[in-house]
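**Q** Following this message is one structure expressed as structure tokens.
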Amino acid sequence: MDLQNALSKLDALQRRQLAYQHAMGLIDYDGATAAPSGAAANRGETLAILSEESYKLATGPETVDLLDALHENREQLDETHRRIVETMYEDIDEMRKVPMDEYVDYQRLLNESQAVWHRAKESDDYALFKPLLKRMIDANKRIMAYAKPDMPIYDALLNRYEKGLTREKCDAFFGVVRRELVPLIHAVSEAPQVDDSVLFGSFPLDRQRQLSDYLMDVMKLDRSHVAIAETEHPFTTGFTKYDVRITTHYHEENFSYSMFSVIHEGGHALYDLHPADDLAYTVLGGGVSMSIHESQSRFYENIIGRSREFIGLIAPRLRELFPHLRDVPDGALYLAINKAAPSLIRTEADELTYCLHILIRYELEQRLFDGTLTVEDLPAEWNRLYKEYLGVDVPSDKEGVLQDMHWSAGLFAYFPSYALGSAYGAQMLHVMKQTVDVKEALSRGDLSPINDWLESHIWKYGGLYDPGVLLEKALGMPFDPMYYIRYLKEKYSEIYRL
Ligand SMILES: [Zn+2]
């Protein structure tokens with residue numbers, strides 16, 4: 001075969017695929033930000049047609065022949081092209097196993113499910129969402145049975161977000177989390193409490209928007225390639241390294257909710273903006289897995305954003321924007337921001353109790369998929385586990401089982417990414433500190449050394465390596481959750497004087 005000719009066909013194919021993804025992603029993004037509420041059905045039709053075209057392109061005979069030929073000759077390719085071919089070959093092989101009708105129907109269901117979840121959450125009406133959730137679970141079971149017939153269902157779901165991740169690995173990780181963090185959380189809740197009242201008041205939205213701009217500047221996000229919009233549920237979407245969107249949600253009564261959303265989503269955006277140039281417009285151009293993605297966002301949100309030095313750095317700007325904070329010293333602000341207390345809402349949870357929110361979801365979704373929990377019993381089980389792990393009573397489904405958009409968007413087995421990502425980030429900090437003076441960089445207000453480390457160890461590789469390989473390469477050692485546990489113990493022992 002003419003290898004050069006095949007490679008230029010491969011390049012053209014990826015660009016076409018990315019063009020479909022760009023278009024579909026923008027329509028999705030528009031649906032979450034600016035589109036009028038009556039546009040959902042129309043959007044669903046458009047997306048179904050585009051996804052059908054994209055499916056045909058990905059599984060058509062020309063693509064299959066091209067990838068078969070390249071896969072057979074992969075030993076002759078350079079590392080990047082070999083990886084591209086292997087990734088696409090595997091993806092397409094799985095995609096072809098799913099019948100096209102099933103695939104297209106699922107795109108429609110996805111759109112309907114998200115729209116219904118929005119209404120159900122607004123009106124606190126789980127019964128409205130329940131049949132859609134059931135259909136989503138059934139559809140995911142069928143699709144996984146086609147795509148990964150040899151894998152246990154929950155492992156198959158986990159592998160969509162992190163290749164190589166298994167229930168066994170997650171169980172081991174969450175076992176450490178439960179054993180080590182539950183006693184620490186108990187000790188913290190028995191210690192004298194931190195006063196966070198300074199975070200509450202009235203914070204005009206235009207001032208909060210200025211704060212978002214300032215934070216994006218501090219993080220060195222290139223505004224010619226990343227834009228911010230407002231949504232119900234903050235998220236990031238990176239179409240290519242040249243077009244990344246983040247979103248936030250402003251709460252007038254507390255500026256810190258949006259502030260940490262911007263820092264979190266900004267962490268995702270930095271990762272999406274910085275794969276090496278030769279990976280742009282290829283299937284390796286985005287982040288490699290959701291755990292690694294969340295390691296970047298949660299590293300920024302918590303390890304950087306909730307550190308004493310970072311708070312000291314941004315405090316003058318906060319006082320300028322919000323006169324309410326004029327007389328609050330840096331130390332009091334740092335404590336308020338790091339108050340740890342069991343709560344109802346995952347996205348507003350503090351760094352310490354956060355993992356228990358994930359643990360609850362991890363346990364519930366496994367049972368939803370292995371058939372030991374029905375959608376009828378889900379809200380009661382949700383409430384029972386919140387009481388058991390966090391000691392809180394759930395007053396409504398809106399603040400309970402309906403709070404997250406994930407299940408409505410088919411993101412089953414996604415939640416472990418947040419907890420694993422947090423733990424990866426803590427170990428990255430440990431390694432980063434061996435060559436970077438993190439505190440000094442933050443105090444000086446120049447985050448370049450931190451970004452440079454992340455870029456050279458994580459960002460630039462895009463999807464070039466499997467997540468486990470990338471992580472071990474970046475860390476220079478295997479993943480060990482005890483770095484995360486030690487980080488939390490040190491930080492919260494100091495704050496709560498344990
Ligand atoms: Zn995230």
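The values are calculated or read from the model by the stated rules, or taken from the named source; none is laboratory data. Here the structure is a predicted model, which is why all the values come from computation and not from measurement. Positions of Cβ are backbone-derived with ideal geometry, glycine not excepted, and every protein chain shown enters the neighbour counts. We work out accessible area using only protein heavy atoms, side chains counted, and drop any ligands, DNA or RNA first. Shrake-Rupley method; radii C 1.70, N 1.55, O 1.52, S 1.80 Å.
**Q** Go through ASP195, ASP150 for me and flag whichever is closer than 29 Å to LYS339 by Cβ, of a type outside the set (Gly, Ala, Ser) and open to solvent by 30 Å² or more (accessible area, probe 1.4 Å).
**A** On inspection, the qualifying residue turns out to be ASP195.
**Q** Which count do you get for residues in region 108-124 that are under 21 Å from LEU373 (Cβ atoms) and surrounded by fewer than 16 Cβ atoms within 10 Å (Cβ to Cβ)?
**A** Selection size over region 108-124: 0.
**Q** Can you find a residue in region 306-321 that is assigned by TED's automatic domain parsing to the domain that holds LEU215, over 30 Å from ASP437 (Cα atoms), without any contact (Cβ under 8 Å) to a residue 12 or more places away in the chain and more than 16 Å from the ligand (Cβ to nearest atom)?
**A** Within region 306-321, none of the residues are assigned by TED's automatic domain parsing to the domain that holds LEU215, over 30 Å from ASP437 (Cα atoms), without any contact (Cβ under 8 Å) to a residue 12 or more places away in the chain and more than 16 Å from the ligand (Cβ to nearest atom).
**Q** Here is a follow-up. Return the total of residues in region 63-107 being crowded, with 16+ Cβ neighbours inside 10 Å and outside any helix (DSSP H, G or I).
**A** 2
**Q** It is to be established whether one or more residues within region 408-421 are touching a His at 6+ places or on another chain (Cβ under 9 Å), among the hydrophobic types (A, V, I, L, M, F, W, C), open to solvent by less than 50 Å² (accessible area, probe 1.4 Å) and outside any helix (DSSP H, G or I).
**A** yes
**Q** Within region 223-328, considering only strands (runs of 3 or more DSSP E) that don't extend past its boundaries, which have at least 2 residues that are farther than 28 Å from PHE415 by Cα?
**A** Strands (runs of 3 or more DSSP E) meeting the threshold: none at all.
**Q** Can you name every residue in region 466-481 that is among the aliphatic types (A, V, I, L, M) and more than 22 Å from the chain's Cα centre (by Cα)?
**A** Step one: filter region 466-481 for residues among the aliphatic types (A, V, I, L, M), giving 469-471, 474-475, 477.
Hit for region 466-481 is MET477, nothing else.
**Q** Filter region 332-348 down to residues that are outside any helix (DSSP H, G or I) and not polar (S, T, N, Q) and give me whichever is least open to solvent (accessible area, probe 1.4 Å).
**A** Per the stated criteria, the residue is ALA340.
**Q** I've got another one for you. In the set SER297, SER256, SER261, SER291, which member is away from the ligand (no atom under 16 Å from the Cβ), of a type in the set (S, T, N, Q) and open to solvent by less than 30 Å² (accessible area, probe 1.4 Å)?
**A** Numbers: SER297 fails: away from the ligand (no atom under 16 Å from the Cβ); SER261 fails: away from the ligand (no atom under 16 Å from the Cβ); SER291 fails: away from the ligand (no atom under 16 Å from the Cβ).
Residue meeting the stated conditions: SER256.
**Q** Checking the structure you have, find out if any residue of region 42-54 is open to solvent by less than 50 Å² (accessible area, probe 1.4 Å), within 24 Å of GLY462 (Cα to Cα) and either part of a loop (DSSP other than H, G, I, E, B) or touching a Phe, Trp or Tyr at 6+ places or on another chain (Cβ under 9 Å) (or both).
**A** yes
**Q** Let me ask something else about it. Could you please find all residues in region 349-395 being small (Gly, Ala, Ser) and either in contact (Cβ under 8 Å) with a residue 40 or more places away in the chain or buried (at least 17 other Cβ atoms within 10 Å of the Cβ) (or both)?
**A** Scanning region 349-395 gives ALA349, GLY391.
**Q** If the requirement is being under 24 Å from the mean Cα position of the chain (by Cα) and not assigned by TED's automatic domain parsing to the domain that holds ALA276, which of these qualifies: GLY60, GLY25? Write out each step before concluding.
**A** Values: GLY60 fails: under 24 Å from the mean Cα position of the chain (by Cα).
Exactly one of GLY60, GLY25 is under 24 Å from the mean Cα position of the chain (by Cα) and not assigned by TED's automatic domain parsing to the domain that holds ALA276, namely GLY25.
**Q** I've got another one for you. Take VAL392 and tell me if it is part of a loop (DSSP other than H, G, I, E, B) and either more than 16 Å from the ligand (Cβ to nearest atom) or in contact with a strand residue (DSSP E or B) (Cβ under 8 Å, 6 or more places away or on another chain) (or both).
**A** So VAL392 fits the description; yes.
**Q** Could you list, in sequence order, the residues of region 435-464 that are touching a Gly at 6+ places or on another chain (Cβ under 9 Å) and surrounded by fewer than 19 Cβ atoms within 10 Å (Cβ to Cβ)?
**A** Hit for region 435-464 is SER443, nothing else.
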